Each structure stands twice: as C-alpha cells, then as structure tokens.
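Okay, so here's the structure we're looking at.
The values are calculated or read from the model by the stated rules, or taken from the named source; none is laboratory data. A quick note: this is a predicted structure, and the numbers were derived from the prediction, not measured. Note: ideal-geometry Cβ built from the backbone for every residue, glycine included; neighbour counts use all protein chains shown.
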Amino acid sequence: MNPTIEHLARGVLDGGLLTREQAADLTAAGQADFEDLLYWADRIRRNFFGNTVRICSIVPGRLGGCTQDCAFCAQSMHYDTAADKTPKVLSDEEIFKASAEAAAKGLPHLGIVYSGKSISEAELERLIGLVGQIRQRYGIQVCAGLGILNQDQMNRLAAAGVSRYNHNLETSQRHFKNIVSTHSFDQRVRTIEAALKAGLGVCAGGIFGIGETQADRIDMALQLRQLGVDTAPMNFLHPIPGTPLGTMKTLQPRQILSIIALYRFLLPKVNLKIAGGRVLNLRDMQSWIFRAGCTSILSGNYLTTAGRAVEEDLQMLNDLGLEPA
C-alpha cells in the first residue's frame, strides 16, 4: 500500500481537506500506484455517500445559434461544424414529453439546458411557468442551465421551484482565456454565487482534456470547494470536427479515472457527476468510474453527442450492487 496515498486518504476520511501541495503529492503517488489511488478514492466515496448513485438527464431547451466561442462546442456560431446553427427552442409540449420520459424511467431530476450566453426575460418567464407544472404532473425535480444570470433572476427561479442550477467553470481561471474569449471566468463565478445565494443547489464543474495542466485541474477543484458547490459535473472532451479542439487527442481511460479520483480526494463531500464524453473516452471501463469516486452520472443523450441509454446505466448499477438515489 502506497504510504503517501494512504496517509492523505485517512486525513480526508477523518474530515480533513487536501491542500494544493498535498494534491500535487497525491498526483505523483497515484502515477506510481494507480490501484492504490482508486482503492482509497472508493473508500472515501463509500464513507461519505454509501452505495447510492444519483442519475440525472437533460433536455436542450434551446439548441444551436450560440454566439459564444467555447473552443470545444459544436453549437458555436464561430465554428464550421456539422451541428445545425439555426436556434431551436423546444415547445412546452416537447419539454413536457421529456419530463414524462424521465419520470417513466425513474429519473428524479431533469435539467433544462439552453445554448447561448444567457436567456431572454420572455423565455425565462415561460420556463418559470413550466416548472410548477412539471413538478406537479410528473413528480420530478427541475434543474436549469440558462447561462449567465443575475441575482434577481436566480431568486425568481428558486421561488418557482427550480431545485438546482448548472453553470460550469469549464477549467481553471488561468486556462479559461485559452478556451473562451466572449465572456469571462469572473462572470461564471458571479453566476454561481448568485445561484447559491438564492438557495439553489449548484452543479458546477468543467471539462477535461482541453489542453489544461494538472495544476489547472487542481486549481479548478479548489475554486469549486471555495465556492461551496454540492455537485461537480466532470466532462471529458469529445472532439468535434470544425472546433479549435476538433483534432485534440482524447484522454486515456486510466488518466480519466485518475482525475476522478483526484477530485474525490479534493472534494470528498461533493457529488461527482460523470457526464459528457463518458462513452467515447472510457469505453469498456465505464463501470470503473464508481471505484474512482463517482457518485452521480448523466444518463441518456447529451446536448450534441449521444450518451448511453438509461436502461443500460441502470443495469450497470444493478450489476455493481449500487442503488439509484
């Protein structure tokens, strides 16, 4: 057993939090002893979360026509990709249908996600009107990812019954300017702070394999910890031809599992939601994410790439002896 990994893990299990320097030590030790890293990450997961896994699904309330230049995104108007750039806003009926499907599959949360920097007041009011109907008709929680919003808008979402807000940091503050130029890292931080102040649960994480360093990964985790988010989505680059990152080499499965384990050590009580890129990047090692510390998954299709059927994910959990939360 690697003594460095064990020492750091026992400190976390006793309620401690890793420093930036300790995270670097963990990285070095994990490279030498991958199996030990996963063993202790799994111990931390089970200690704080037991054997349950939260399953979430999303529906794109608006697709395409995005004016932002996120270097990984197929929906950006800045890049020539195969994705349709004509903005499409789902009707009330289409959102209700997605809600019914989520409820029928036993999924407790449905996220309504919009492309673009923000959302118009008229569209925000429409969604606020739908939230109560979804909760009443289908008995599921409604989450939202609507871009950069202010405090008043967050307060209104919370009052309407929205349970969570999704707004990723994407990467570290240092690396952010290499990925996005049409809005700032600080704007993302302020949006997360507004959601938290409104009493919303917050899903905030990022995307890995976009040219970031290990120091960037550690810095983002520490920023998320400082903000106090309770769920951290972890996406792994699915290179889209036509985007600036379209030819980027994808991360290897063991590297991805090491990143998940690092985040379990750094964010021991935060739900780690493995989301975009899971199928493409992990292939036959998808079930290993739980051993690495995952406590939540995004199931079904994503925004512009295919995911995995909910039924397959439920079977995977059953085979592993895990329980849907």
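Give D80, D69 a once-over and let me know the one that is out of contact with any Pro (no Cβ under 6 Å at 6 or more places or on another chain), acidic (D, E) and closer than 19 Å to L169 by Cα.
D69
Would you check which residues across the stretch 21-59 are more than 19 Å from L322 (Cβ to Cβ) and either part of a strand (DSSP E or B) or in contact (Cβ under 8 Å) with a residue 60 or more places away in the chain (or both) and list them?
Those that are more than 19 Å from L322 (Cβ to Cβ) and either part of a strand (DSSP E or B) or in contact (Cβ under 8 Å) with a residue 60 or more places away in the chain (or both): A23, A24, L26, T27, G30, Q31, F34, L37, I58, V59.
Each row is one residue, and each column tells you yes or no for (1) free of Cβ contacts under 8 Å to residues at least 60 places away in the same chain; (2) of a type in the set (K, R).
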{"position": "F72", "(1), (2)": "no, no"}
{"position": "S99", "(1), (2)": "yes, no"}
{"position": "K105", "(1), (2)": "no, yes"}
{"position": "L110", "(1), (2)": "yes, no"}
{"position": "L130", "(1), (2)": "yes, no"}
{"position": "I134", "(1), (2)": "yes, no"}
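Scan the helices (runs of 4 or more DSSP H) fully inside the stretch 192-285 and keep the ones with 3 or more residues being surrounded by fewer than 23 Cβ atoms within 10 Å (Cβ to Cβ) and at pLDDT 95 or above.
Details: elements: 214-227, 253-266, 278-282.
Helices (runs of 4 or more DSSP H) meeting the threshold: 214-227, 253-266.
I need a count of the residues in the stretch 171-189 that are part of a helix (DSSP H, G or I), within 18 Å of L149 (Cα to Cα) and touching a helix residue (DSSP H, G or I) at 6+ places or on another chain (Cβ under 9 Å).
4
Pairs only if they're at least six apart or on different chains, beta carbon under 6 angstrom, first in the stretch 155-177 and surrounded by 17 or more Cβ atoms within 10 Å (Cβ to Cβ), second hydroxyl-bearing (S, T, Y); list them, first residue then second.
Cβ pairs passing all conditions: H167/T191.
Checking the condition free of Cβ contacts under 8 Å to residues at least 24 places away in the same chain and either hydrophobic (A, V, I, L, M, F, W, C) or out of contact with any helix residue (DSSP H, G or I) (no Cβ under 6 Å at 6 or more places or on another chain) (or both), which residue from T247, T213 passes? First the steps, then the outcome.
Working: T213 fails: free of Cβ contacts under 8 Å to residues at least 24 places away in the same chain.
On inspection, the qualifying residue turns out to be T247.
Quick check: is even one residue across the stretch 25-34 surrounded by fewer than 20 Cβ atoms within 10 Å (Cβ to Cβ), farther than 12 Å from F265 by Cβ and aromatic (F, W, Y)?
Within the stretch 25-34, one or more residues are surrounded by fewer than 20 Cβ atoms within 10 Å (Cβ to Cβ), farther than 12 Å from F265 by Cβ and aromatic (F, W, Y).
For the stretch 295-322, what are the residues that are in a strand (DSSP E or B) and either modelled with pLDDT of 95 or more or under 15 Å from the mean Cα position of the chain (by Cα) (or both)?
Step one: list which residues in the stretch 295-322 are in a strand (DSSP E or B), which gives 296-298, 300, 308.
Listed by number, the residues that qualify are S296, I297, L298, G300.
Give the residue, chosen from D152, D230, that is touching a residue at least 40 places away in the same chain (Cβ under 8 Å), acidic (D, E) and over 25 Å from Q75 (Cα atoms).
After ruling out the rest, the residue left standing is D230.
Going by the structure shown, is F290 under 19 Å from Q31 (Cβ atoms) and either over 14 Å from the mean Cα position of the chain (by Cα) or modelled with pLDDT of 95 or more (or both)?
Judged against the criteria, F290 is not a match.
What's the total number of residues in the stretch 112-125 that are without any contact (Cβ under 8 Å) to a residue 24 or more places away in the chain and in contact with a helix residue (DSSP H, G or I) (Cβ under 9 Å, 6 or more places away or on another chain)?
Initially, the stretch 112-125 is screened for residues without any contact (Cβ under 8 Å) to a residue 24 or more places away in the chain, giving 120-122, 125.
Right, trim to in contact with a helix residue (DSSP H, G or I) (Cβ under 9 Å, 6 or more places away or on another chain) and you get 121, 125.
Residues meeting the conditions: 2.
So that you can scan it fast, the table gives a plain yes or no per residue for (1) within 18 Å of the chain's Cα centre (by Cα); (2) part of a loop (DSSP other than H, G, I, E, B); (3) among the hydroxyl-bearing types (S, T, Y):
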residue: Q68; (1), (2), (3): no, yes, no
residue: C73; (1), (2), (3): yes, yes, no
residue: T81; (1), (2), (3): no, yes, yes
residue: A100; (1), (2), (3): no, no, no
residue: G129; (1), (2), (3): no, no, no
